[in-house]
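Laboratory data are not the source of any read-out in this text; all were calculated from the coordinates shown. Just so it is clear, the model here is predicted, and its values are computed rather than measured. Every residue, glycine as well, gets a Cβ built from its backbone with ideal geometry; the counts of neighbours run over all protein chains shown.
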Amino acid sequence: MKNLIVAQSGGPTAAINATLSGVIKEWLSKKKNNGAKVYGAKFGVEGILKENIIDLGELSEDDLDKLMRTPSSALGSCRYRLADPKKDETDFKRVLEVFRKYDIGHFVYIGGNDSMDTVYRLSEYFNEQGITDITVNGAPKTIDNDLNGIDHCPGFGSTAKYIATVCSELAREVRVYDKENILIVEIMGRNAGWLTAAAALAAEKDEEVPYLIYLSEVKLSVDKFVADLREVMKKSKNVIVALSEGTVIETAGRADSNSEVDAFGHKQLGGNGRILEKVLKDELKYKARYIELSLIQRCASHCMSETDIMESVELGRVAVRLGLEGKSGRMARLTRISDEPYKIEYSSVDIKEVANLEKKVPLEWINEGENGVTEEMLRYLRPLVKGEMSCRYKDGVPEFFVI
């Protein structure tokens, strides 16, 4: 029986190690008695290319529980893109060489859109070369929730829970003073506004503090923002503005100073909130603060969604089963059956329907004023943040698992 290798890629989350623990648990439960090994590649596909590989088969149940509750990527990550094999087969031949050396029959890659691109390229290459004894499958991950072919992505629920929690706590902050107090919270998500929409979970629990929620699916002009703000301030002097990092803000004369991109051509985002903060301070003379949640929203292990973590574990298990069933070039997925009661089912999707595609918020889930979300969005979000789970603690501080 051939061995399995697993790797992680892309941005870290609070749930990606839960998926890793699911992969290891499923493999050990199926392969414990025949000696087939489970390896981990450090730092994504680059770890395979550089043969930076470790044996994960000796992890105990306690280790796996701690791993499940540990944020970020225990195996490390990368943003390395495989070349087009029609132009350069070097990477693909090297991956095959390493797989043969370690007698690999199954590869599970845990990650987001770019990682699924790697699954697609590698599985297609093996298929074209007539290599049928190695399966390549993906296990989804991304807080951005923008993967196609799946109802919601592992990591999203926990980050949404964190954002809703932070916004709820910040609402207490802005109410302290009896004068204008506007807080702009910039939230991750690239070109999709799913995470920013999570602020609505806090807004529906606290009607005293009005929220303006701007998703990246809709452009925002400074004039519209000012008009929206003045309208809600008729009700309250204290306002929270939730702003997607990818929102295009239309303002005359502003140059786009950030042109940095990563290996996959993605623009480095962030800083939109400063534009609105400047307008509030300079033009309207309001007390305003800008907070960019930035990296802290990705790996908040003290505020994880139990639903998210349990689903993440199961998707890791599904990815292993795909390979054992002889399937390749697929991604483990979940499909929602109902909102109330919340029910899902697990299956898989052809990687061609996932790689290099982007799932955005449906425009009909954004309210008419384009400054909030509809009940449909809230019904979608509510089940995903249910249940409390936390990292393990020792001497009052988090105790994380280190591979």
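Take L324, L384 and order them by how many other Cβ atoms sit within 10 Å, fewest up front.
Starting with the residue having the fewest Cβ neighbours, the order is L324, L384.
If one puts a single equal scatterer on every Cα of the stretch 285-325 and applies the Debye formula without solvent, what log₁₀ I(q)/I(0) results at q = 0.16, 0.18, 0.32 Å⁻¹?
Those come out to -0.64, -0.71, -1.03, one per q.
Measure off 7 Å from each Cα along the Cα-to-Cβ vector at E345 and L357, then give the distance between these two points in nanometres to one decimal.
2.0
What percent does the relative contact order of the stretch 156-297 come to when contacts are Cα pairs within less than 8 Å and at least six residues apart?
Taking the mean separation of contacting Cα pairs over the length of the stretch 156-297, I get 32 percent.
When the gyration tensor of the chain is built from Cα positions, what are the square roots of 5 times its three eigenvalues, in whole Å, from largest to smallest?
Working: eigenvalues 331, 101, 65 Å².
Each semi-axis is √(5λ); the values are 41, 22, 18 Å.
Which order do T196, T251, T159 fall in if you start with the one that has the fewest other Cβ atoms within 10 Å? Could the numbers behind the result be given before it?
Values: T196 28, T251 14, T159 34.
Exposure proxy ranking, most exposed first: T251, T196, T159.
Quick one: Debye curve from the alpha-carbon atoms of the stretch 354-403 only, equal weights, vacuum; give me log10 I(q)/I(0) at q = 0.12, 0.14, 0.23, 0.30 Å⁻¹ to two decimals.
-0.57, -0.67, -0.89, -1.11
Given N residues in the stretch 1-54, what is Rg(Cα) / (2.2 N^0.38 Å)?
Ratio of Rg to 2.2 N^0.38 Å for the stretch 1-54: 1.19.
Sum -39500 (n - 2.57) across every DSSP H segment of at least 4 residues in the chain, then divide by the residue count to get the 222 nm mean residue ellipticity, nearest 500.
-9500 deg cm²/dmol
Exposure proxy check: Y290, Y346 ranked by fewest other beta carbons within 10 Å? Don't skip to the answer; put the middle values down first.
Details: Y290 21, Y346 14.
Ordered by Cβ neighbours within 10 Å, fewest first: Y346, Y290.
Give me D for the stretch 129-221 in µm² s⁻¹, whole number, from Stokes-Einstein with Rh from the Kirkwood sum over alpha-carbon pairs, 25 °C and 0.890 mPa s.
D = 159 µm²/s.
Roughly what angle does helix 156-174 make with the longest principal axis of the chain, taking Cα atoms, 0 to 90 degrees, to the nearest 10?
20
For the stretch 365-403, state which chymotrypsin sites (Phe, Trp or Tyr not before Pro) are in a DSSP loop and have at most 12 other beta carbons lying within 10 Å of their beta carbon.
Numbers: sites: W365, Y380, Y393, F400, F401; in loops: F400, F401.
Counting only loop positions with at most 12 other Cβ atoms within 10 Å, none of the chymotrypsin sites (Phe, Trp or Tyr not before Pro) in the stretch 365-403 qualifies.
From the C-alpha coordinates alone, can you work out the Kirkwood hydrodynamic radius of the stretch 114-178, in Å?
Hydrodynamic radius (Kirkwood, Cα only) of the stretch 114-178 equals 15.1 Å.
Please state, as a whole number in µm²/s, the translational diffusion coefficient that the Stokes-Einstein equation yields for the stretch 1-102 at 37 °C and 0.692 mPa s, with Rh defined as the Kirkwood radius across alpha carbon pairs.
228
How far apart, in nanometres, would the label points at K234 and S60 be if each is projected 7 angstrom from Cα along the Cα-to-Cβ direction?
6.5
Once all Cα-Cα distances of the stretch 156-297 are split into 5 Å bins that start at 0, what whole-number percent is in each one?
2, 10, 20, 24, 21, 13, 7, 3, 1, 0
Angle check, please: helix 306-324 long axis (alpha carbons) against the longest principal axis of the chain (alpha carbons), in degrees 0 to 90, nearest 10.
The angle comes out near 30 degrees.
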